[in-house]
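Worksheet: one structure, shown below.
The values are calculated or read from the model by the stated rules, or taken from the named source; none is laboratory data. Just so it is clear, the model here is predicted, and its values are computed rather than measured. Cβ coordinates were reconstructed from backbone atoms using ideal geometry, including for glycine residues, and neighbour counts include every protein chain displayed. Note: accessible area is taken over every heavy atom of the protein model, side chains too, but ligands, DNA and RNA are not part of it. Shrake-Rupley method; radii C 1.70, N 1.55, O 1.52, S 1.80 Å.
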Amino acid sequence: MKLQAVELRRIRLPLVAPFETSFGVQTERDVLLLKAVTDAGDGWGECVAGEEPNYSSEYVESAQHVLIHHLVPRLLERDVTADAVAPALRAVHGHNMAKAALEMAVLDAELRARGESFGQFFGAVRAEVDSGVSVGIQPSIPELLSTVGDYLDEGYRRIKLKIKPGWDVEPVRAVREQFRDVPLQVDANTAYKLADAEHLAELDQFDLLLIEQPLPEEEILAHAKLAQTVRTPICLDESITSAQWAADAIELGACRIINIKPGRVGGYLEARRIHDLCASRGVPVWMGGMLETGIGRAGNVAMAAMPNFTLPGDTSASDRYFHRDITQPFVLRDGRLAVPTGPGLGVSVDEEYLDSITHWEGTLGRAGTRSVS
Ligand code: OSB
Ligand code: MG
């Protein structure tokens, strides 16, 4: 399959409600999308990099730059398959989200060409996946309780509360008291220090499924030490950027659960390796989320149907994020999302709507043209 061109575009999509984490508030997404144009057909990729480098060092402008100047040129006009993408990009260090978007677009083109869905490719073992929802930091506890109650009424099967110092034990207590046996977990996005161990151990009384990424991403050993004070299972998100880091973190006792985000680890193929490694180590995984559009959601939902994704993911319905998605919307049915069954990602992109929300676009390739800056 020859990669003839890569079309890039940036779209602006407002969020239905502000999303606040320990690292900031978001009110809209500025998403970088890729279309791989090949002699066997096209494929879509979504880059999960945020607007600012506050989740990881990547951000949407850096991803766009590195794709244009360092990643796409390594593949353009070459014979490609998805499994050849990461090896061809290995000389470029880091930039996992940018690499993942390119690999995804190539994988989508490849699978569409041979009529195979992402679910089939990953070895999906279920037709629908349990949906959880990630609840941002709220202005007050009454507002938190009403937000959580609304999501539970919609059918979500697990609630994740974002926490930070000053917004942790009391909001978690309030949610646990009001919603007695809802599956509940928390995500700190690196906001704590090992010295907060005793404080975090106060969360043990609320029977949480897990505490996600309490400490900074480099502090693998400190997470292992934290696990000696906190009984709630520790789950890593930001720290796990490859199968190697997953293996080391598990070996060191830094986590008992792993959140898999294909973008964070450089693509779906590395994400699959982490899934398999965790399965062999008896470590459950779940699908994270980066407020994706229907393109990224389609791939994530398909991967979440793999056997070791045994906890509900941050794979929420399209209407939890956007008034209008760029694909057919993912709809919650009995607390689950259906795994797409069509070729490749199995969703179609509403290109007319896409054009109306595009604020930048450019194309690399096709007879040497380079219409991007
Ligand atoms: O840490 O899981 C996270 C969103 C952006 C960046 C980081 C995270 C999140 C979420 C949202 O928690 C999950 C979703 O897409 O619903
Ligand atoms: Mg997280």
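Just one of (1) of a type outside the set (Gly, Ala, Ser); (2) open to solvent by 40 Å² or more (accessible area, probe 1.4 Å); (3) part of a helix (DSSP H, G or I); (4) within 18 Å of Gly299 (Cα to Cα) fails for Asp130. It is (3).
Considering the stretch 318-351, the residues that are within 17 Å of the chain's Cα centre (by Cα) and hydrophobic (A, V, I, L, M, F, W, C) include one that is surrounded by the fewest Cβ atoms within 10 Å (Cβ to Cβ), namely Phe322. Counting only residues that are open to solvent by 30 Å² or more (accessible area, probe 1.4 Å) and in a helix (DSSP H, G or I), the stretch 55-69 holds 3 of them. Before we move on, is Arg231 touching a residue at least 24 places away in the same chain (Cβ under 8 Å), part of a loop (DSSP other than H, G, I, E, B) and surrounded by fewer than 17 Cβ atoms within 10 Å (Cβ to Cβ)? When the stated conditions are applied, Arg231 passes them.
Quick check: anything in the stretch 140-150 under 20 Å from the mean Cα position of the chain (by Cα) and either surrounded by fewer than 21 Cβ atoms within 10 Å (Cβ to Cβ) or among the polar types (S, T, N, Q) (or both)? Spell out how you get there, then give the answer.
To start, the set of residues in the stretch 140-150 that are under 20 Å from the mean Cα position of the chain (by Cα) comprises none.
No, every residue in the stretch 140-150 fails to be under 20 Å from the mean Cα position of the chain (by Cα) and either surrounded by fewer than 21 Cβ atoms within 10 Å (Cβ to Cβ) or among the polar types (S, T, N, Q) (or both).
Scanning the stretch 1-54 for residues that are open to solvent by 40 Å² or more (accessible area, probe 1.4 Å), away from ligand 1 (no atom under 13 Å from the Cβ) and touching a helix residue (DSSP H, G or I) at 6+ places or on another chain (Cβ under 8 Å) returns Met1, Arg12, Ala40, Asp42. With respect to Glu7, is the statement that it is under 20 Å from Arg297 (Cβ atoms) and of a type outside the set (Ser, Thr, Tyr) true? Criteria not met by Glu7.
Here is the figure for the stretch 294-320: residues that are of a type outside the set (Val, Ile, Thr), under 17 Å from Val349 (Cβ atoms) and more than 16 Å from ligand 2 (Cβ to nearest atom) total 6. Among the residues making up the stretch 133-164, those that are in contact (Cβ under 8 Å) with a residue 60 or more places away in the chain, out of contact with any strand residue (DSSP E or B) (no Cβ under 7 Å at 6 or more places or on another chain) and either over 19 Å from Val25 (Cα atoms) or away from ligand 2 (no atom under 16 Å from the Cβ) (or both) are Gln138, Glu154, Gly155.
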